[in-house]
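Structure incoming, see below.
The values are calculated or read from the model by the stated rules, or taken from the named source; none is laboratory data. Nothing here was measured: the structure is a model prediction, and the numbers come from that model. No Cβ is skipped: glycine too gets one built from the backbone with ideal geometry, and neighbour counts run over all protein chains shown. Note: accessible area is taken over every heavy atom of the protein model, side chains too, but ligands, DNA and RNA are not part of it. Shrake-Rupley method; radii C 1.70, N 1.55, O 1.52, S 1.80 Å.
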Amino acid sequence: MADEVRGNARRLLTALLLLIAAAATPALAQDNSLRDLINALGQGNFAETEKQVNALAATGDTAAVPALEALAAGTLYVRESDGVVFITEEAGSNLRLIDALTGETVGEEPEGAFEKIKVNNKLRRVIRSAIGSLTLMSPDAAVRRAAAESIFLSRDPESIELIDAALAEETDPGIAKLMREARAAAVLNSDASDEEKIEAIDVLKERGGRDALSLLTPLLTVEGPVGEAAQAAVTTIEGNLVLWDALQNVWYGLSLGSVLLLAAIGLAITFGVMGVINMAHGEMVMLGAYTTFVVQQVIRAHAPDLFDASLFFAIPLAFLVAGAVGVAIERGVIRFLYGRPLETLLATWGISLILQQSVRTIFGPTNQPVGTPSWMSGSFQLAGLSITANRLAIIVFALAVFALLMLVLRRTTFGLQMRAVTQNRQMASAMGIRTPWVDALTFGLGSGIAGIAGVALSQIDNVSPNLGQGYIIDSFMVVVFGGVGNLWGTLVGAFTLGIANKFLEPYAGAVLGKILVLVFIILFIQKRPRGLFALKGRAVEA
């Protein structure tokens, strides 16, 4: 009985192995056939290579895509000894060899043993079309999307039938739209009828953008209905581009305004409460940026997995570092100079030079690398707007800091005392408020917020000892324009000046644009000396 069971088991195992072998044989044969086609890319002239590219496209096997991409990039080489084709990478005087079908690294060999498979412009267009055809039917939506964009750029008329077949099976509306646009681009580059080209022009008009405009502009010289349709489409697209360019400038202005808000909001507090022109305010921003650098260096060395959270550690530390330095400056220097604005200005300017030189001595004069967390990297399109993640994060962060500061001023005892000192210092002192300590803590709060601004600026600007100098003048302009000591005025002033700068830059240049803004503020202050939002109070009005 036992022998019979073992015999049945052996027969079952043998049958199973035969089934596996039968299933693997076609796949192995297909792999060998595909490998032969890839190796054939290294034989013959451009015309022969083009035939092999088309043959690879006809297989419908996406495994050939890496080899075709390497061919277009100029990194596909053939070994002269046996004619085997490899994807390569430079490795000193050698070439690192990557299997063109599996993507596995198979070793290194001298570059002299290989010959580069050359391509020309015509062949590159054929390759782009082949890659597009191989990926249009991919089960991966991202691959199909990239394939449609590739065909849109190549405008290969031979891909029209393939796109039609892919459109018939496409279920994603967004990808289907991209495929129709790719088909329209190919139709305009073909010998299609006028009716088909007019339909394609309508599709591209709906797409809009500079890519569509570049495809339609050559048709303006065509006589007849096609030229007229192209003219109407170009006019519409150009009008839309003007509108989107204006909105893009508004976005850039809001982005700049958020940076100015972070840099100026602390200055608005100290200048409004204490009347101190703090020329070292920019160095508080710089200290915040260097705190971010130090935090990231520590995290890289001891806890690299926490790098994406590095800014959450840097923000409170930057506030504490810059705030402590601010309190030390107020207690050590500024409190002896109240009522002497010129001497205060000169003293804080000297302190700014000391802080800059100290940072140069500790960290060196060159820019320091501050990384961007993955969640702040990249960009995305919102209709016709290009929005970068780091700028969006800084706008949200600036508004959050503003809201938190308003909450502190309106809902805490310290905020009440600070507002009392701002409106009438003598009366506040008579009511028992210790105005010297309010001054010290206010200066520390303003400096701490400047340190937080440095954390944000480290993501979009170079971290160097001169970082704060680029924002101190703009910060003063924001404070004066918005109204000294008024946070709402600082908010409105920052975004107004940011948008104004970005609208002037394309016409007047960055430097002249800033000069024009400065002239505007000077003229504005002649009419409204207290800014947009003047503080109320007997002491202020006196």
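Can you list the lysines whose alpha carbon is less than 17 Å from that of residue 205, not counting same-chain residues fewer than 8 positions off?
Within reach: 177, 197.
Same structure again: Determine ³J(HN,Hα), in whole Hz, for all residues of the stretch 93-108 in sequence, where each value follows from phi through the Karplus function 6.51 cos²θ - 1.76 cosθ + 1.60 and θ = phi - 60°; x replaces Gly and Pro.
Each residue of the stretch 93-108 in turn: 8, 9, 10, 7, 9, 10, 4, 5, 9, 9, x, 8, 6, 10, x, 10 Hz.
If you count only protein heavy atoms and use a 1.4 Å probe, how large is the accessible surface of residue 118, to the nearest 10 Å²?
Solvent-accessible area, nearest 10 Å²: 140 Å².
Could you derive backbone 3J(HN,Hα) for the stretch 169-175 from the dihedral phi with the Karplus parameters 6.51, -1.76 and 1.60 (θ = phi - 60°), listing whole Hz in sequence and x where the residue is Gly or Pro?
Listing the rounded values in order: 10, 6, 10, 8, x, x, 5 Hz.
Considering Cα pairs under 8 angstrom that are at least six residues apart, work out the relative contact order of the stretch 301-451 and quote it in whole percent.
About 42 percent, as a whole number.
Hey, another quick one. Rounded to the nearest 500, what is the 222 nm mean residue ellipticity of the chain from helices alone, with -39500 (n - 2.57) per DSSP H run of 4+ residues and division by all residues?
It comes out at -23500 deg cm²/dmol, rounded to the nearest 500.
Tell me the angle of helix 141-154 to the major Cα principal axis of the chain, expressed in degrees between 0 and 90 and rounded to the nearest ten.
Its long axis makes an angle of about 80 degrees.
Here's another thing I want to ask about it. What percent of all Cα-Cα pairs in the chain falls into each 10 Å bin, going from 0 up to the bin containing the maximum distance?
Spelled out per bin, shortest first, that is 3, 13, 17, 16, 15, 14, 11, 7, 3, 1, 0, 0.
Suppose a student asked you for the relative contact order of the chain, using Cα pairs under 8 Å spaced at least 6 residues apart; what percent would you report? Provide the component values of the computation, followed by the final result.
On the way: 780 pairs, mean separation 80.3, N = 542.
That works out to 15 percent.
In whole Å, what is the distance between the alpha-carbon centres of the stretch 324-364 and the stretch 211-271?
A separation of 44 Å, based on Cα centres.
In Å², what does the accessible area per residue of the chain work out to with a 1.4 Å probe?
Details: 27540 Å² over 542 residues.
Here the per-residue accessible area is 51 Å².
Kindly express, to the nearest 10 degrees and within the range 0 to 90, the angle between helix 389-411's C-alpha long axis and the longest C-alpha principal axis of the chain.
Roughly 30 degrees between the two axes.
With a Förster radius of 30 Å, plug the Cβ-Cβ distance of residue 300 and residue 404 into 1/(1 + (r/R0)^6) and report the FRET value to the nearest 0.05.
E(calc), rounded to 0.05, equals 0.55.
Shifting gears a bit: Ignoring ligands, DNA and RNA, what percent of the 1.4 Å accessible area of the chain is carbon and sulfur?
Here carbon and sulfur together make up 61 percent of the probe-accessible area.
Using the Cα centre of the chain as origin and beta-carbon charges of +1 (Lys, Arg) and -1 (Asp, Glu), tell me which of 55, 389, 253 is placed farthest towards the positive end of the dipole.
Result: 253, furthest along the dipole toward the positive end.
Cα convex hull of the stretch 387-542: how many Å³ per residue? Numbers along the way, then the final one.
On the way: hull volume 19.6 nm³, N = 156.
Cα-based convex hull of the stretch 387-542, divided per residue, equals 125 Å³.
Just round it to a whole percent: the fraction of Cα-Cα distances in the stretch 222-317 exceeding 20 Å. Display every interim value, and only then the final one.
On the way: 3007 of 4560 pairs.
So the pairs more than 20 Å apart make up 66 percent of the total in the stretch 222-317.
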